[in-house]
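The values are calculated or read from the model by the stated rules, or taken from the named source; none is laboratory data. None of the values given here were measured: they were computed from a predicted structure. Virtual Cβ from ideal backbone geometry, glycine too; neighbours counted across all protein chains shown. In case anyone asks, the SASA skips ligands and DNA or RNA and just uses the protein heavy atoms, side chains included. Shrake-Rupley method; radii C 1.70, N 1.55, O 1.52, S 1.80 Å.
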Amino acid sequence: MSKVWQGHVIDGTRFVVPASGVTPRHVLCAVGVGLDPDVISRVVEEAGAGEFTLDEFQREPDARMREAFEAAVASRRITGVDEFGDDDWAAVDAHDSVAYVLSPPISQATGLDVSRRALAVTAALLANGATAVKNESSGVACGRERWLALASEAAAAETVDDLVGALVQAWVVPVIHDGEVYYSCGMHLLGEADVELAPRSTAAPEPEVLLEWVTTVEVAGYYLLTEQPDHGVQNGEGFRITPDASRWIMNRVECERFEDDDFFHNPYGYWRLTPAARGPQRQARLKRRNPRTTLGTRRKR
């Protein structure tokens, strides 16, 4: 049973003060051939509005890089949208230099803006010598063209829904199964708790039930980012994706899956969804959505 979240909710708002004091950041890993640290520093500062920095530069290939990119691509392989192709793998294998870029600290109020700028920085890296990029803070990697398309989508977004759509596709692993629960990873980079769904049984469900579960996790994430009320979600609220879908109860719990010093650690915790008992209870209101349902597997560090 997950530990009850230990932070403090600011009365009447959706904002919280985590007990851990951990502040999320994007850590981008970019590889290339003959990368110039002065050029990388300049473009990172320009694209990141002066708040992103080149944190570390390595002038030699890293033998672990292929395995690291394989794990990042595998985390969302089932989506089929990251578009990491033969040219991208060739770029990883041919690299002779590595740059690590650090974002400013991310708060709930700045999560969307910092994550939008992280996409702009990614695009700038790829336009100035980098040939492949992955995110150390949520364990994802896209192919070059996919990164550029998402950066353009985020830059052109005119609504919060449009921006969130691009950022979730860029930085979040929507659903992972650890053998017992289904959970997301990366929502801390957008200033929100992740979501985990704990069914009554760990037995393999029927395909239609599995589809409903993973869709519920993904839709709940979008709900937190775009539709939750100004006063926030309250423990004990009900949630379902359609009127005839399974009903779940939401309670915030601590992120015990990753240690405080793990890049994946979410200081805002998880909204844990457990099966609801029959009977009337308060339910989150949802707009109709057509989310991309995904299911990944989390690598161990």
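When you filter the trypsin sites (Lys or Arg not before Pro) in region 64-128 for DSSP loop state and at most 13 other Cβ atoms inside 10 Å of their Cβ, you are left with Arg64. PRE reach from Val209 (point 7 Å along Cα→Cβ): which of region 161-195 fall under 15 Å by backbone N? 180-182, by backbone N distance to the label point.
I need the GluC sites (Glu not before Pro) found in region 17-94, filtered to DSSP loop residues with at most 16 other beta carbons within 10 Å of theirs. Mind showing how you got there, number by number?
Values: sites: Glu45, Glu46, Glu51, Glu56, Glu67, Glu70, Glu83; in loops: Glu51, Glu83.
Counting only loop positions with at most 16 other Cβ atoms within 10 Å, the GluC sites (Glu not before Pro) in region 17-94 are Glu51, Glu83.
Remark on Glu56: its backbone amide H falls under 5 Å from those of Tyr100, a criterion applied only to residues 5 or more positions apart or on other chains, H modelled at 1.01 Å from N. Computed from the Cα positions only, the extents of region 140-206 along the three principal axes stand at 43, 24, 21 Å, in decreasing order.
Amide hydrogen proximity for Ser137: with H placed 1.01 Å from N in the peptide plane, the residues at 5 or more positions away or on another chain lying under 5 Å are Val27.
On the basis of the beta-carbon distance and an R0 of 51 Å, Asp86 and Arg14 show a calculated FRET efficiency of 0.70.
Helix 160-171 and the long axis of the chain differ in direction by around 60°, with both axes built from C-alpha atoms.
What percent antiparallel are the DSSP beta bridges of the chain, to the nearest 5?
On the way: 36 of 42 bridges.
Roughly 85 percent of the DSSP beta bridges within the chain come out antiparallel.
Cα centroids of region 200-223 and region 47-123: 29 Å apart. The coefficient of translational diffusion for the chain, derived via Stokes-Einstein from the alpha carbon Kirkwood radius under 10 °C and 1.306 mPa s, stands at 81 µm²/s. Angle of helix 144-156 to the longest C-alpha principal axis of the chain, folded into 0 to 90 degrees and rounded to 10: 60°. Extension gain, Ala74 to Glu56: 0.36 nm times the residue separation minus the Cα-Cα distance gives 3.9 nm. Would you kindly derive the ³J(HN,Hα) couplings of region 200-206 from the backbone phi angles with the Karplus curve 6.51 cos²θ - 1.76 cosθ + 1.60 (θ = phi - 60°), listing them in order in whole Hz, with x for Gly and Pro? Computed from phi, the couplings for region 200-206 are 5, 10, 8, 5, 4, x, 5 Hz.
Could you tell me what percent of the accessible area of the chain is made up of carbon and sulfur, with a 1.4 Å probe and every protein chain present? Let's see the in-between values first.
Numbers: 6700 of 13960 Å².
With neighbouring chains kept in place, the figure for the chain is 48 percent.
Near Glu237, the amide H atoms lying under 5 Å from its own belong to Met250; only residues 5 or more places off or on other chains count, and H is placed 1.01 Å from N. Could you give the accessible area per residue of the chain, probe 1.4 Å, as a whole number in Å²? Averaged over the residues of the chain, the accessible area is 46 Å². When its C-alpha radius of gyration is set against 2.2 N^0.38 Å (N residues), region 78-173 gives a value of 1.06. What FRET efficiency would be calculated for the residue pair Glu46, Thr274, taking the C-beta separation as r and a Förster radius of 45 Å, to the nearest 0.05? Plugging the Cβ-Cβ distance into 1/(1 + (r/R0)^6) gives 0.45. To the nearest ten degrees, helix 37-47 and the longest principal axis of the Cα atoms of the chain are 40 degrees apart.
Less than 12 Å Cβ to Cβ from Ser107, Lys/Arg counted +1 and Asp/Glu -1: what total charge do the surrounding residues give? Intermediate values should be presented prior to the final figure.
On the way: positive: Arg25; negative: Asp113, Glu192.
Summing Lys/Arg as +1 and Asp/Glu as -1 gives -1.
Loop-resident trypsin sites (Lys or Arg not before Pro) (DSSP state other than H, G, I, E or B) in region 137-237 with no more than 11 further Cβ atoms inside 10 Å of their Cβ: Arg200.
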